[in-house]
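Scroll down for the structure; my scribbles are underneath it.
Every number in this text was worked out from the coordinates using simple rules, so none of it is lab data. All of these numbers come straight from a predicted model, not from anything done at the bench. Ideal geometry is used to build each Cβ from the backbone, glycine not excepted, and the neighbour counts take in all protein chains shown.
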Amino acid sequence: MALLTPADLKNIKKTLEKNDKNIENLTGTSLRALCSNIYKTESKGEKIGIVPVTAGGGIIGSFSESLLHTVTHFGMNGFISKKTDVAGYYEAVTNGADIVLMADDCTYMAHNLRNNKISHNQICTGIVYSEILIRIRDEAFGKWYENPAEANTNDILAIGIGKVGRPALENMIRRGCNVYVYDSDPNVLNQISEEYDVIKYIPENTKIPRNGKITGNDKKFLKIFEATPNSNTIHESVLKKGAVVSTPGIPCGIERDTRKKYDVRVVQEPLGIGTMSMLYAVFDKR
Ligand code: NAI
Ligand code: 2YC
Ligand code: MG
């Protein structure tokens with residue numbers, strides 16, 4: 001399980017604001033409104049208790065503080081329990097938390113104590129990052145394409161189909177996208193292609209000559225979802241001019257010079273976007 005490091009969380013304030021603006025430019029809605037539309041829920045001023053957990057690898061420096069910054073940034077009412085683990089949980093509940101946010105090394109969850117809804121970070125991260133691609137408005141491609149409505153198809157390339165990528169894939173299929181999938185683990189790629197109505201995609205740069213023949217696709221994309229723990233997973237051979245990469249993956253999967261060369265817009269943030277998706281998944285229906 002790829003765990004966050006304090007370095008990943010260093011610029012969370014700036015990164016969250018930058019991505020919120022980016023999401024608004026691309027989809028026409030702020031992150032808050034986007035999450036409210038995805039789950040048809042709204043915040044009613046719930047008190048959010050953040051409980052540090054020492055299990056496994058232990059407390060990650062600034063993890064709880066990053067969650068508090070996220071909920072506060074979006075105008076919600078949060079606090080971090082002074083104690084950790086079970087004592088922290090007891091403290092949060094007895095101090096009136098309506099929702100508890102806490103994470104060990106395996107699961108990061110949000111639990112609404114009032115309506116008993118519970119959400120999981122990897123699932124909600126997959127959903128929100130895929131929805132950003134699905135909800136891009138035509139105007140976002142106007143700078144590069146005569147007919148942006150025509151360019152703005154539902155073709156999406158999904159790279160990395162693991163604990164985050166699979167919920168993303170399921171959401172894209174549910175929402176009627178044509179999903180092309182690539183995963184560097186051939187077992188994963190084969191299993192996903194058998195299990196879901198998707199198109200197996202081998203990017204040019206990973207083409208492997210077999211008995212003199214080169215296999216792989218040369219289709220290019222305007223929308224790419226990536227959820228891998230590696231860098232340089234998005235090669236220029238898959239990109240169209242003005243493409244959008246929506247990636248929870250850490251580190252970022254597209255190199256700076258490739259981004260510049262193809263005018264790529266990137267939505268990538270280490271924790272806050274996924275957290276907002278988790279909270280809206282457990283708020284009450286509108
Ligand atoms: P995972 O290990 O379950 O899945 C990763 C998948 O990517 C695997 O199937 C693996 O075969 C594939 N992969 C690895 N390198 C690849 C490459 N070069 N090309 C194509 N496929 C490749 O990991 P998980 O839990 O899905 O997390 C993925 C990433 O997302 C991690 O970096 C994790 O830290 C990050 N993450 C970020 C969050 C956020 O809010 N930004 C929230 C949760 C996870
Ligand atoms: O500080 C604490 O309370 C720690 N127990 C937090 C551990 C979080 C471990 N999980 C992760 O780093 C990743 C994040 C990207 C979100 C999901 N898993
Ligand atoms: Mg995030």
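Given a cut-off of 28 Å, name the pairs among 10/240; 240/285; 18/240 whose C-alpha atoms lie farther apart than that in the structure shown. Pairs exceeding the cut-off: 10/240; 240/285. Rounded to the nearest 20, the Cβ-based charge dipole of the range 1-123 about its Cα centre (Lys and Arg +1, Asp and Glu -1) stands at 280 debye.
When the pairs 21/223; 47/117; 83/163; 223/260; 163/200; 223/261 are compared against a 20 Å limit on Cα-Cα distance, 83/163 fall above it. Near residue 223, the amide H atoms lying under 5 Å from its own belong to 157, 244; only residues 5 or more places off or on other chains count, and H is placed 1.01 Å from N. Can you tell me, using C-alpha contacts under 8 Å and at least 6 residues apart, the relative contact order of the range 9-81 as a whole percent? Contact order relative to length: 34 percent. Sequence-ordered 3J(HN,Hα) estimates for the range 127-139 from the Karplus curve with 6.51, -1.76 and 1.60 and θ = phi - 60° stand at 5, 5, 6, 6, 5, 4, 5, 5, 9, 5, 8, 3, 3 Hz, glycine and proline given as x. Counting every pair of alpha carbons in the range 94-184, the share spaced more than 22 Å apart comes to 46 percent. Take the alpha carbon gyration tensor of the chain, find the square roots of its eigenvalues, order them as a ≥ b ≥ c, and report rounded if a/c is under 1.5; if not, report prolate when a/b exceeds b/c, else oblate. Prolate is the answer for the chain, as a/c is 1.5 or above and a/b outweighs b/c. With an a/c value of 1.5 or above and a/b larger than b/c for the gyration tensor axes a ≥ b ≥ c computed over the alpha-carbon atoms, the range 107-156 is described as prolate.
For the chain, a simple Cβ point-charge model (Lys and Arg +1, Asp and Glu -1, everything else neutral) yields a dipole of about 420 debye relative to the Cα centre.
Near residue 113, the amide H atoms lying under 5 Å from its own belong to 99, 100; only residues 5 or more places off or on other chains count, and H is placed 1.01 Å from N. Note on 240, 220, 261: ascending count of other Cβ atoms within 10 Å places them as 261, 220, 240, the fewest first.
Its relative contact order, with pairs defined as Cα atoms under 8 Å and 6+ residues apart, puts the range 63-182 at 16 percent. The distance from the alpha carbon centre of the range 90-157 to that of the range 4-21 is 16 Å, rounded to a whole number. Applying the Karplus relation 6.51 cos²θ - 1.76 cosθ + 1.60 with θ = phi - 60° to the range 24-35 yields 3J(HN,Hα) values of 5, 4, 6, 10, x, 10, 5, 4, 4, 5, 4, 5 Hz, where x marks Gly and Pro. Counting neighbouring beta carbons within 10 Å and listing from fewest to most, the residues 246, 43, 231 come out as 231, 43, 246. Put simply, when 118-130, 5-17 are sorted by average Cβ atoms within 10 angstrom per residue, most first, you get 118-130, 5-17. Scanning residues 5 or more positions from residue 135 or on other chains, none has an amide H under 5 Å from its amide H, with H placed 1.01 Å from N in the peptide plane. For the range 24-137, just say rounded, prolate or oblate: build the C-alpha gyration tensor, square-root its eigenvalues into a ≥ b ≥ c, call rounded for a/c under 1.5, and beyond that prolate if a/b exceeds b/c, oblate if not. It is prolate, given that a/c is not under 1.5 and a/b is the larger ratio. Per-residue Karplus couplings for the range 144-154, computed as 6.51 cos²θ - 1.76 cosθ + 1.60 with θ equal to phi - 60°, are listed in order as 10, 10, 3, 10, x, 5, 6, 5, 7, 7, 9 Hz, Gly and Pro entered as x.
Per-residue ellipticity at 222 nm, computed for the chain from helices alone with -39500 (n - 2.57) per DSSP H run of at least four residues, works out to -10500 deg cm²/dmol.
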